[in-house]
Amino acid sequence: MKKLLLVLFVLTAFAANSILCRIALKNGHADPETFSMLRLLGGAAVLFVWHLARGRLKEIRWKIIDALLLCAYVLFFSLAYVQLNTATGALLLFGAVQVCMIGWSVVKGEKLSGNKACGIVIAVGGIITLLLPGATAPPLAAAITMVASGLAWGAYSLRGKNIQAAAGTTSGNFILSLPVILVVSLIRQAPVHIDASGIFLALLSGGLASGVAYVLWYALVATLSSATASTLQLSVPCIAAAGGVLFLGEVPDLRMLLCTLAVLAGIAMVIAADNKKRQQPEKNGL
């Protein structure tokens, strides 16, 4: 039950990042680069203070590749959401995550059972259906940018399966990403724009929905197969779409509801297949 609650919190936090970013950019509260920088700053500050208060600064780990992946994900994410609506952006993001993580697991020799493969197909099919004619086609440049963000996050999640100290590594990644995003902000052509609401939204996204949630995700992803971890994240577009309804006035239709059910059904099949796989060695041991 505890693990389930943590998973639900993390997935909701991931969706919250889409909602908070879209609110800030759609309503003109911030430009994407400044929002990204403050988001990373918020995550770095919360995690650094947490380590400082517990006297565990020595536990912070420094992994430059992970930091670059985190920075790429956050920056591309914000740039794409200038033109994409909440649900479409989340779908493209986590669709790319799905392809990245499952593709890598297959390359590394992870075998997919029939039920797990069927669940993945159903979940991905639900997402694809949302983007078929009848929905507004996203701008190509923005869509490609969001896919790049998803690939960066997928690689970040895969690398997270090999770490031992989730909190220390996540803290180091956020701190190391700050000079990178600062350089990007300094060389850009557009002027800085952010108001009080934009600052609040960026820091909330960075401190809680990113910093705290990523520590938990790093800890959880090590206990999940790549296929399960990536498929679980397919629920995020569904949650983000619901947030778009509540906070951005997006109106759901029957197709959205049916696709949401398909995605959740696919996720359930993947989880069930993984549980069955874990139980088989135990039975054989008996």
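Farthest towards the positive end of the charge dipole of the stretch 2-285, among the residues 239, 174, 128, is the Cα of 174, using unit charges on the Cβ of Lys, Arg, Asp and Glu. Residues 181, 144, arranged from fewest to most other Cβ atoms within 10 angstrom of their Cβ, appear as 144, 181. Across all Cα pairs in the stretch 1-70, the calculated P(r) in 5 Å bins from zero up to the longest distance comes to 3, 12, 14, 19, 21, 18, 9, 3, 0 percent per bin. When the listed pairs 58/276; 26/108; 116/161 are checked against a 29 Å cut-off, the alpha-carbon distance exceeds it for 58/276; 26/108.
When each of 29, 193 is scored by the number of other beta-carbon atoms lying within 10 Å, the sequence from fewest to most is 193, 29. Take the Kirkwood radius over Cα pairs of the chain, plug it into Stokes-Einstein at 4 °C and 1.567 mPa s, and you get 67 µm²/s for translational diffusion. Here the stretch 160-181 and the stretch 205-222 have alpha carbon centers that stand 11 Å from each other.
Taking only C-alpha pairs under 8 Å that are 6+ residues apart, what is the relative contact order of the chain in percent? Walk me through the numbers on the way to the answer.
On the way: 422 pairs, mean separation 114.1, N = 286.
Answer for the chain is 40 percent.
Projecting the Cα atoms of 222, 118, 183 onto the charge dipole of the chain (Cβ charges, centred on the Cα centre) puts 222 farthest toward the positive pole. With a Förster radius of 30 Å applied to the beta-carbon distance between residue 193 and residue 246, the computed FRET efficiency rounds to 0.70.
Put a dot 7 Å past the Cα of residue 117, heading toward its Cβ, do the same for residue 58, and the two dots end up 5.1 nm apart. Dipole orientation for the chain: of the candidates 32, 260, 8, 8 has the Cα lying most toward the positive pole (charges on Cβ; Lys, Arg +1; Asp, Glu -1). As a rough footprinting exposure proxy, the listed residues 11, 140 were ranked by other beta carbons within 10 Å of their own, and the order from fewest upward is 140, 11.
Once you charge only the Cβ atoms, +1 for Lys and Arg and -1 for Asp and Glu, what is the size of the charge dipole of the chain about its Cα centre, to the nearest 20 debye? Could the numbers behind the result be given before it?
Numbers: 21 positive and 10 negative charges, 195 e Å.
Dipole size: approximately 940 debye.
Read the figures in this text as sums done on the coordinates, not as results from a lab. Source: prediction; values computed, not measured. Every residue, glycine among them, receives a Cβ derived from its backbone with ideal geometry; neighbour counts consider all protein chains shown.
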